[in-house]
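Worksheet: the structure to be examined is printed underneath.
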Amino acid sequence: MRRSISIVILCVCACAYSAPAWAWGQEGHRIIAKIAYDHMSRKARKSVDRIMGQRGIIYWANWPDEIKSDTIYAQSIKDGWHYQDLESGLSDSLVMDALVHYRSVGGNLFRALDSLKAIMRDVETSRPRDLERAKRVQTEHVLRFIVHLSGDRYCPMHLAHMDDKGGNAVKMQWFGRNTNLHSVWDTKLIESQGYSYTEYAQMIEDEFGWKRKAIEQATDEELLRQSYHMVEDIYRYQETWDENTYHYIYRWHKDCEEQLYIAGIRLAKLLNEIF
Ligand SMILES: [Zn+2]
């Protein structure tokens, strides 16, 4: 492996946005990983199991969030690997430009993910079984980041606005308790349905399976643009919402589920391509 994760860390430039903005919570990442695992090719599944352990894709999906206060890969937090905030009112071409050319501010999700994917492809074309143990551990870490960050791409609030810290500064009440817009999309909408991650993944696959082909065939740019328009709608809804939590859930839970499905299918596609 010529490139190493330390090079990624150097490549992913520091950004001015210091407040962390987390995307999908634990259940969300597990749902995405489960959907991906269900749709991976036999070859990809075998390779991913070899590197991460049997169904490790699900068990390690949250690891990049869990190490946020650790010094290991501290740059992933400092440089904003988990999000790519975008200001409001961007034209479609500017949204696509953000994906293709990255951005110097507002997070480094797209840049980090592309660098990690390139590393993983290098590993897979250079006989991974010959790698010594230290490099194999590093490879596993790279894959954990890819699984996690690929999911973060489709959490609407991680494409949200920089000036409110990705919705973290938008205060809300949720069944009488204080929270914020980011946290609602992180966890609260998902938890409101009361499913386990396996039940929820199955339900989402049953509900949105008919869209699978279209999602597989879409480009990253098209799906990003779709997510961005959803973010704009979420902010607009905030202005007219009557602050009834049930109304919020009814309005948005299906959209949230579809994003989880898209994230799972796209992660499967990505891993099928790598392996
Ligand atoms: Zn994250």
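Numbers for the structure displayed
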| item | result |
| --- | --- |
| Residues of the stretch 193-238 that turn out to be among the basic types (Lys, Arg) and touching a Phe, Trp or Tyr at 6+ places or on another chain (Cβ under 9 Å), as a count | 2 |
| Any hit, the stretch 89-98, residues being of a type outside the set (Ser, Thr, Tyr) and assigned to a loop (DSSP other than H, G, I, E, B) | yes |
| Residue within the stretch 184-199 that is away from the ligand (no atom under 13 Å from the Cβ), touching a strand residue (DSSP E or B) at 6+ places or on another chain (Cβ under 8 Å), in contact (Cβ under 8 Å) with a residue 12 or more places away in the chain and of a type outside the set (A, V, I, L, M) present | yes |
| Candidate set from the stretch 60-101 (those that are charged (D, E, K, R) and surrounded by fewer than 18 Cβ atoms within 10 Å (Cβ to Cβ)); member that is nearest to residue 29 (Cα to Cα) | 66 |
| Cβ-Cβ under 8 Å pairs, at least 6 apart or on other chains, the stretch 32-46 side over 15 Å from residue 199 (Cα atoms), far side among the small types (Gly, Ala, Ser) | 39/264; 39/268; 40/268; 44/268 |
| Lone unmet requirement of (1) at pLDDT 90 or above; (2) within 16 Å of the ligand (Cβ to nearest atom); (3) surrounded by fewer than 18 Cβ atoms within 10 Å (Cβ to Cβ) for residue 148 | (3) |
| Pick from the stretch 18-74, criterion away from the ligand (no atom under 12 Å from the Cβ) and polar (S, T, N, Q), ranking: modelled with the lowest pLDDT | 18 |
| Condition broken by residue 243, with the remaining ones in (1) in contact (Cβ under 8 Å) with a residue 60 or more places away in the chain; (2) over 30 Å from residue 46 (Cα atoms); (3) buried (at least 18 other Cβ atoms within 10 Å of the Cβ) satisfied | (3) |
| Of all residues in the stretch 216-226 being in a helix (DSSP H, G or I) and of a type outside the set (Asp, Glu), the one that is modelled with the highest pLDDT | 217 |
| Flag for residue 180 being on the phi < 0 side of the Ramachandran plot, without any contact (Cβ under 8 Å) to a residue 60 or more places away in the chain and buried (at least 17 other Cβ atoms within 10 Å of the Cβ) | yes |
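Yes or no, residue by residue, for (1) basic (Lys, Arg); (2) touching a residue at least 60 places away in the same chain (Cβ under 8 Å); (3) part of a helix (DSSP H, G or I):
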| site | (1), (2), (3) |
| --- | --- |
| 54 | no, no, no |
| 80 | no, yes, no |
| 83 | no, yes, no |
| 119 | no, yes, yes |
| 139 | no, yes, yes |
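Residue-by-condition table, conditions (1) part of a loop (DSSP other than H, G, I, E, B); (2) among the basic types (Lys, Arg); (3) buried (at least 21 other Cβ atoms within 10 Å of the Cβ):
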{"site": "186", "(1), (2), (3)": "no, no, yes"}
{"site": "201", "(1), (2), (3)": "no, no, yes"}
{"site": "211", "(1), (2), (3)": "no, yes, no"}
{"site": "214", "(1), (2), (3)": "no, no, no"}
{"site": "228", "(1), (2), (3)": "no, no, yes"}
{"site": "236", "(1), (2), (3)": "no, yes, no"}
{"site": "253", "(1), (2), (3)": "no, no, no"}
{"site": "261", "(1), (2), (3)": "no, no, yes"}
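The values are calculated or read from the model by the stated rules, or taken from the named source; none is laboratory data. Only a predicted model underlies this, so the values are computations on that prediction, with no experimental measurement involved. Please note: Cβ atoms are built from the backbone with ideal geometry, for glycine as well, and neighbour counts cover all protein chains shown.
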